[in-house]
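Have a look at the structure below, then the notes.
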Amino acid sequence: MMGPQNQSTSLQRLNHAEKRIVRVLELAGLVMDELANSTGPRTEVLAGHCREFMKSIKEIQTTLREEIKSACEYRPFENCDYGARISNEICCQKLEYIVEQLDGMNRTINHCKDGT
């Protein structure tokens, strides 16, 4: 179950992933600027940006995959009273059946009394 501590660290990881997404967008902009450079793109600069871009994308994917998996494992209905309510409903139906049987027995007893 996801307690307050897990939710907090999950939010922190997602916040960190969000910052990395912003950085990835910055890197994409830097690559575009470098490609538009009037003297031509510098290969080593492009390679560095692309390496950082790909590394960040992989880290973001891993973080998001883990957070999605964690969210899917989260069981918000663990503390739900559904089981107790169903059990209670079944007990009520059993009691109604017993009352019907007792009423039937009472009618039979009354019928026998009237006949004797």
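Just so it is clear, none of the values below were taken in a lab; they were calculated from the coordinates. For clarity, every value in this text was computed on a predicted model and none was experimentally measured. All Cβ positions, glycine included, derive from the backbone under ideal geometry; neighbour counts span all protein chains shown.
Observations on the structure shown:
- Basic side chains Lys and Arg get +1 at the Cβ, acidic Asp and Glu get -1 at the Cβ, and with that the dipole of the chain about its Cα centre reaches some 320 debye.
- Taking every C-alpha pair closer than 8 Å and separated by at least 6 residues, the mean separation divided by the residue count of the chain gives a relative contact order of 30 percent.
- HN-Hα J in Hz across the range 11-16 - Karplus 6.51, -1.76, 1.60, θ = phi - 60°, x for Gly and Pro: 5, 5, 5, 5, 4, 5
- Helix-only [θ]222 nm of the chain, DSSP H runs n ≥ 4, -39500 (n - 2.57) each, per residue, nearest 500: -30500 deg cm²/dmol
- Vicinal HN-Hα couplings computed from phi for the range 55-71 (Karplus, 6.51 cos²θ - 1.76 cosθ + 1.60; Hz; Gly/Pro x): 4, 5, 4, 4, 5, 5, 4, 4, 4, 5, 4, 5, 5, 5, 4, 4, 5
- The largest-to-smallest principal axis extents of the Cα set in the chain are 119, 27, 14 Å.
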